[in-house]
């Protein structure tokens, strides 16, 4: 194989009760990337379409992630990367993670899969470190593994793949406002009340159980964030109204995707997802805020190979 | 049925990463209770053997729990309760929960099971409220339902029954020192660092997943408490040594049972459990601290009917 073209999906991190540890993979939106072997060693980003991002390898998340992989293996080739961005940077659905994960997935494939998908996570995290200053794994893990993933904090991240009810669907609403991850992080409090933490971890534990038992009602009862959302949602105009519209439309729950401004909802089934999307979008239409929206199955595969030659 | 004799088991709450939400049920230790219908309405505790506890209904956890149940149903009978205590009060393995849960279970059985086991939890919690000032469900739930249970905090507690790997065993070591729940609670900090909370809920989420997948290694990696144990363990002499002995003997993990002073360990299999118990006990023997110890399967049934007539 000389060249690979792949689809690297958007992802939702945090997922209300699962701040910093939970994430899931989306289906209809993602970046396309072409990665090919080159005689020239090292990594070169030769083309970025759809977004203004640095071509310089060490300043590009895909470049940094790719170099991290190559630092652990002898390769007789170098690699050229073309990135066709469809996920907007700063939208809160894992734009940098898609590029980082796609780069390491593609190079790994071209090298004959020396690393497992789980092993690729630590390389992709280097891209996340460049993007946000923190080498978090909660977007790159679902991008690389598909489905729902849990990141247990440890010296090295411990990634657990979770099951997912068949009929679970996600709605994503992206209001086109600028919300920097740094600002979204600055509203976080460094200490939190123990009582709220107990509520949060009870909800997260229940949500995990509900994924295993396909208990949609328990998903609904537990998909709550009493710690981050109350502070962070103030940065997203009409958040409360949009969330309320989602719940009224029959969504199981709704919250901030990643660090925002995108808002996600989970539903039982596609019909409810479409209805939920319509009702959420209406709020932004009334407020005359530009936006995009998606209805998605949970993508159980993660990154997908489109072409190889 | 006029009279029922039952075994009401000891339970372990908190379980390291699951502070205030997780609990499981033990097998070899518990109270026996005899409950019989009487012509005289109301609840009378007529006998308590093995412990100095108040016979007055409103001052006894079993009495209070029983009255809570009877306040929601018309009964043409009253009930007499005899309690044969084998679980020491203040030992940290759910002594008050066993009495509260046993009382409501027995009366419910004598009335022809008008309530489900889950519905009984809220009555038993009234006993817990009398015992500790907080109507917590984390011991009464596994006593009534068996196995591992999760309490999601809400306006009414939302109890989730969890699966359990077949070969999971528990070791309980009870050093006979006095440790009041109030003292154990006073060392808790009202606020905690967000970063530690994230570690804790990642561990709890992983632990729940591990129960579903029978992943003993993940149980071991996630059975950690970075929030409560560091403060509370100082109240239990030789805690660190006992825990270390458990881990060295092959236990999956070890922590404080409930609010202590009992210490639990979980193991894969009975042989390791016995070895773990031996090594943990050696520390207390060297320190000349009186103690009792148990090796237990996870009791998947909960309260057991011994006789009825």
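The values are calculated or read from the model by the stated rules, or taken from the named source; none is laboratory data. On a predicted model such as this, the values are computed, not experimentally measured, just so you know. We place every Cβ from the backbone using ideal geometry, glycine too, and count neighbours over all the protein chains shown.
The set of residues in the stretch A:169-187 that are away from chain B (no Cβ under 14 Å) and surrounded by fewer than 22 Cβ atoms within 10 Å (Cβ to Cβ) comprises A:176, A:177, A:178, A:179, A:180, A:181, A:182, A:183. With respect to (1) crowded, with 21+ Cβ neighbours inside 10 Å; (2) without any contact (Cβ under 8 Å) to a residue 12 or more places away in the chain, the lone exception for residue B:230 is condition (1). Report yes if some residue within the stretch A:32-55 is within 14 Å of chain B (Cβ to nearest Cβ) and touching a helix residue (DSSP H, G or I) at 6+ places or on another chain (Cβ under 7 Å); otherwise report no. Looking through the stretch A:32-55, none of the residues is within 14 Å of chain B (Cβ to nearest Cβ) and touching a helix residue (DSSP H, G or I) at 6+ places or on another chain (Cβ under 7 Å). With respect to (1) in contact with a strand residue (DSSP E or B) (Cβ under 7 Å, 6 or more places away or on another chain); (2) assigned to a loop (DSSP other than H, G, I, E, B); (3) within 30 Å of residue B:273 (Cβ to Cβ), the lone exception for residue B:41 is condition (3). For the stretch B:188-209, the set of residues classified as more than 7 Å from every other protein chain (Cβ to nearest Cβ) and within 21 Å of the chain's Cα centre (by Cα) consists of B:207 only. Candidates A:162, A:204, A:168, A:211: the one that is under 23 Å from residue A:134 (Cα atoms) and touching a residue at least 40 places away in the same chain (Cβ under 8 Å) is A:204. Working only within the stretch A:255-290, note down all residues that are touching a residue at least 24 places away in the same chain (Cβ under 8 Å), part of a loop (DSSP other than H, G, I, E, B) and over 19 Å from residue A:13 (Cβ atoms). Of everything in the stretch A:255-290, those that are touching a residue at least 24 places away in the same chain (Cβ under 8 Å), part of a loop (DSSP other than H, G, I, E, B) and over 19 Å from residue A:13 (Cβ atoms) turn out to be A:269, A:287, A:289, A:290. Does residue A:9 fit the bill of being within 19 Å of residue A:293 (Cα to Cα), modelled with pLDDT under 95 and more than 14 Å from chain B (Cβ to nearest Cβ)? Spelling it out, it is not the case that residue A:9 is within 19 Å of residue A:293 (Cα to Cα), modelled with pLDDT under 95 and more than 14 Å from chain B (Cβ to nearest Cβ).
Out of B:288, B:282, one residue alone is surrounded by fewer than 19 Cβ atoms within 10 Å (Cβ to Cβ), more than 29 Å from residue A:136 (Cβ to Cβ) and in contact with a helix residue (DSSP H, G or I) (Cβ under 8 Å, 6 or more places away or on another chain). It is B:282. Can you find a residue that is within 23 Å of the chain's Cα centre (by Cα), more than 30 Å from residue B:265 (Cβ to Cβ) and surrounded by fewer than 24 Cβ atoms within 10 Å (Cβ to Cβ) anywhere in the stretch B:68-76? Yes, the stretch B:68-76 contains a residue that is within 23 Å of the chain's Cα centre (by Cα), more than 30 Å from residue B:265 (Cβ to Cβ) and surrounded by fewer than 24 Cβ atoms within 10 Å (Cβ to Cβ).
Restricting to the stretch A:9-38, count the residues that are in contact with a strand residue (DSSP E or B) (Cβ under 7 Å, 6 or more places away or on another chain) and in a loop (DSSP other than H, G, I, E, B). Adding up the residues that qualify gives 3.
Taking the criterion of being assigned to a helix (DSSP H, G or I) and either in contact with a strand residue (DSSP E or B) (Cβ under 6 Å, 6 or more places away or on another chain) or at pLDDT 95 or above (or both), the only residue of the stretch B:174-194 that qualifies is B:194.
Could you grab me the full set of residues in the stretch A:217-254 that are within 14 Å of another protein chain (Cβ to nearest Cβ) and assigned to a helix (DSSP H, G or I)? Steps first, answer last, please.
Step one: filter the stretch A:217-254 for residues within 14 Å of another protein chain (Cβ to nearest Cβ), giving A:217-232, A:253.
The answer is A:217, A:218, A:219, A:220, A:221, A:222, A:229, A:230, A:231, A:232.
Hey, does the stretch A:140-156 have a residue that's touching a strand residue (DSSP E or B) at 6+ places or on another chain (Cβ under 8 Å), buried (at least 20 other Cβ atoms within 10 Å of the Cβ) and in the same structural domain as residue A:266 (by TED's automatic domain parsing)? No, the conditions are met nowhere in the stretch A:140-156.
Farther than 20 Å from residue B:188 by Cβ, touching a strand residue (DSSP E or B) at 6+ places or on another chain (Cβ under 7 Å) and modelled with pLDDT of 95 or more - does that describe any residue in the stretch B:229-244? Yes, because at least one residue in the stretch B:229-244 is farther than 20 Å from residue B:188 by Cβ, touching a strand residue (DSSP E or B) at 6+ places or on another chain (Cβ under 7 Å) and modelled with pLDDT of 95 or more. Residue A:137 passes every criterion in (1) free of Cβ contacts under 8 Å to residues at least 40 places away in the same chain; (2) crowded, with 22+ Cβ neighbours inside 10 Å; (3) at the interface with chain B (Cβ under 8 Å from one of its Cβ atoms) apart from (3). The set of residues in the stretch B:88-126 being in contact with a strand residue (DSSP E or B) (Cβ under 6 Å, 6 or more places away or on another chain), outside any helix (DSSP H, G or I) and surrounded by fewer than 24 Cβ atoms within 10 Å (Cβ to Cβ) consists of B:91 alone.
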